[in-house]
Amino acid sequence: MTIASPPVAPPASTRVDTLLDFRDVAMRFANGTVALQDVDLTVDRGEFVTVVGPSGCGKSTLLRIASGLENASHGSAEVDTDRIGYVFQDATLLPWRTVRDNVELLAELNGAPKTARRAAAQESIDLVGLSGFESNLPKELSGGMRMRASLARSLTLDPELFLFDEPFGALDEITRERLNDELLRLFVEKRFAGLFITHSVSEAVYLSTRVVVMSGRPGRIVGEFDVPFDMPRDPEIRFTAEFAELVGEVSHALREGHN
Amino acid sequence: MAVDTRVSRTEPAATTATRLSGPKPPRRTASPRATRIRNIVLPIAVFFVLIGVGYAIAAYYDQVRGLPFLVPYPHLVVQALLFDGDFRPDLLEALGNTTLIAVIGLAIAIVIGMAWAVLMVQASWIESALFPYAVVLQCIPILALVPLIGSLFGYEMPSRIIVTVMFALFPMVSNTLFGLQSVDKGQRELFQLQGASRLTLLTKLRFPAALPSIFIGLRNSAGLSVIGAIVADQFFQRGDGGLGVLISVMNQRLNGAEMFAAIVVASVLGVVVFVAFGWLRRLAIGRWYSAN
């Protein structure tokens with residue numbers, strides 16, 4: 001079942017540039033659990049695709065396959081870039097490192113010279129609004145600020161494909177909405193391809209250019225919705241009738257797929 | 001030994017819940033200053049009580065049993081400890097020897113223990129193969145090995161060091177292993193995604209993450225190395241003796257005051273080591289890690 005709203009007006013450069021291409025992907029773990037089945041999904045440059053689905057449906061497994069942390073047991077997952085950002089559910093900051101040193105970590109692991117990675121880190125820190133907290137330790141930050149630091153860390157890679165594994169799931173509503181806005185701003189500015197996992201339907205609709213709905217285990221794609229709202233997005237669209245309607249449709253598909 | 005290196009998340013929902021759950025009973029916690037004073041005054045009070053008990057027991061042995069050398073009066077112990085010019089060189093030499101054995105034994109235990117743990121964390125089959133021996137090591141009654149160690153390595157310093165290492169090794173192995181394994185999965189995958197080598201993973205992630213646990217092991221091992229050095233003295237009495245030898249000798253000569261003075265010095269050495277490693281731990285990781 002694929003319910004497609006009228007397609008979004010194509011961006012100025014219409015060359016389709018697919019960064020992530022899942023073809024007939026299935027995932028069966030060693031213990032026999034089938035997490036994913038028949039998944040066909042592409043993410044193009046300039047797209048922000050959000051996957052919603054019940055917990056345990058294998059959403060996160062999609063990201064793990066895309067990033068190479070796991071191999072699909074069937075089908076193929078092609079990634080057309082080596083600049084992949086991965087934001088985990090937890091901030092996964094190293095508690096003994098300051099914000100700056102945490103943000104520098106990935107460049108450090110890739111062997112970037114000190115001055116270059118320092119500059120990249122500072123730029124990312126400014127971008128996520130953590131300026132002034134460079135010398136703080138993670139334990140001195142709030143949950144939202146830790147997530148910002150985690151985002152900044154991935155941004156230093158200047159990713160073309162950005163994978164988000166329910167990054168804001170543990171945050172309170174207000175912090176989450178603020179970070180959603182920040183993420184959209186980054187998306188508009190950086191134009192990466194995003195694949196975002198969440199179980200919040202309104203977050204999915206608000207953030208993405210396309211929402212993909214997955215069924216319960218084994219996870220199958222049971223619906224796809226193009227989101228017609230323009231980028232950059234006005235936070236107020238959350239309170240419009242069109243937004244509510246789309247949230248309703250996605251929720252409906254989610255409920256159908258769960259049964 | 002609950003070591004949690006994960007960053008705790010703030011949970012606003014929980015705080016609200018507690019705030020709404022009605023008025024709390026008035027807290028009976030004293031002010032920090034009062035607590036500090038109490039933490040100093042009370043142990044001192046107990047100290048005086050113990051001194052009193054010491055006098056009572058000494059008086060009993062002196063007056064009732066007629067064995068004054070068995071339990072000396074505390075002031076005689078203090079005299080032997082601080083003002084006995086003839087005894088002092090012996091005491092200091094013994095302290096020096098014991099400290100030397102303990103330090104060498106501890107250093108060896110740290111190196112072997114951490115290497116052992118690092119090796120085990122490389123692959124689960126290595127851990128399966130080697131961990132049982134860490135447990136066996138701890139279960140061996142060292143007393144049973146004394147004749148063997150003695151005939152293989154003699155009755156002097158090398159054997160004392162071996163016994164000290166055997167005492168101090170297990171906490172280093174188990175705590176380092178626990179620490180190295182307690183690394184958060186997400187953090188490990190973060191490194192994996194960048195293609196980090198095993199060595200990088202060890203030096204930049206596993207080892208720093210294990211430090212809180214390693215310091216627990218260090219403190220336990222350091223305390224045990226002092227105990228080990230003194231116990232080893234009692235078995236291997238040849239060569240330059242330490243506090244353990246001094247204690248036995250003074251006991252045999254019925255020099256109660258000197259014997260107790262040596263016991264006090266041994267105890268102080270243990271306490272100093274304990275405090276020193278606590279201080280070292282705060283210095284090394286106190287900035288980012290606080291055990292609740």
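Below are the figures for this structure:
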| quantity | calculated |
| --- | --- |
| Close pairs (7 angstrom Cβ cut-off, 6 or more residues apart or separate chains): under 16 Å from A:Phe187 (Cα atoms) and away from chain B (no Cβ under 12 Å) in the range A:161-172, part of a strand (DSSP E or B) and aromatic (Phe, Trp, Tyr) anywhere | A:Phe164/A:Phe196 |
| Among residues of the range A:101-119, those that are within 14 Å of chain B (Cβ to nearest Cβ) and not in a loop (DSSP other than H, G, I, E, B), counted | 10 |
| Complete set of residues in the range B:193-204 that are of a type outside the set (Ser, Thr, Tyr) and more than 7 Å from chain A (Cβ to nearest Cβ) | B:Gly195, B:Arg198, B:Leu199, B:Leu201, B:Leu202, B:Lys204 |
| Filtered residue count, the range A:81-100, keeping only those that are within 17 Å of the chain's Cα centre (by Cα) and in contact (Cβ under 8 Å) with a residue 40 or more places away in the chain | 11 |
| Identity of the residue in the range A:89-126, more than 19 Å from A:Lys139 (Cβ to Cβ) and of a type in the set (S, T, N, Q), that ends up surrounded by the fewest Cβ atoms within 10 Å (Cβ to Cβ) | A:Thr115 |
| Residue match in the range B:159-174 (condition: within 30 Å of A:Gly68 (Cα to Cα) and more than 14 Å from chain A (Cβ to nearest Cβ)) | no |
| Cβ pairs under 9 Å, 6+ apart, first in the range A:53-67 and without any contact (Cβ under 8 Å) to a residue 12 or more places away in the chain, second surrounded by 22 or more Cβ atoms within 10 Å (Cβ to Cβ) and in a helix (DSSP H, G or I) | none |
| Enumeration of residues in the range B:52-72 that are within 17 Å of B:Met259 (Cα to Cα) and without any contact (Cβ under 8 Å) to a residue 40 or more places away in the chain | B:Gly54, B:Tyr55, B:Ile57, B:Ala58, B:Tyr61, B:Asp62, B:Leu67 |
| Residues being over 27 Å from the mean Cα position of the chain (by Cα) and free of Cβ contacts under 8 Å to residues at least 24 places away in the same chain - total across the range B:191-210 | 11 |
| Helices (runs of 4 or more DSSP H) within the range B:59-158 that include 2 or more residues β-branched (Val, Ile, Thr), over 22 Å from the mean Cα position of the chain (by Cα) and assigned by TED's automatic domain parsing to the domain that holds B:Gly179 | B:142-153 |
| Answer residue from the range A:71-88, given it is surrounded by fewer than 17 Cβ atoms within 10 Å (Cβ to Cβ) and within 12 Å of another protein chain (Cβ to nearest Cβ) and is nearest to A:Ala149 (Cα to Cα) among those | A:Arg83 |
| Residue within the range B:164-178 that is touching an Asp or Glu at 6+ places or on another chain (Cβ under 6 Å) and either β-branched (Val, Ile, Thr) or touching a residue at least 12 places away in the same chain (Cβ under 8 Å) (or both) present | no |
| One residue from A:Val188, A:Val211 being touching a residue at least 24 places away in the same chain (Cβ under 8 Å), of a type in the set (Val, Ile, Thr) and in contact with a Ser or Thr (Cβ under 7 Å, 6 or more places away or on another chain) | A:Val211 |
| Qualifying residue in the range A:134-144 (condition: surrounded by fewer than 22 Cβ atoms within 10 Å (Cβ to Cβ), outside the structural domain of A:Leu41 (by TED's automatic domain parsing), charged (D, E, K, R) and not in a loop (DSSP other than H, G, I, E, B)) | yes |
| Hey, B:Ser182 within 14 Å of chain A (Cβ to nearest Cβ) and either over 24 Å from B:Trp288 (Cα atoms) or surrounded by fewer than 17 Cβ atoms within 10 Å (Cβ to Cβ) (or both) or not | yes |
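The values are calculated or read from the model by the stated rules, or taken from the named source; none is laboratory data. Computed from a predicted model, the values in this text were never measured in an experiment. FYI the Cβ positions are ideal-geometry reconstructions off the backbone, even for glycines, and counts take in every protein chain you see.
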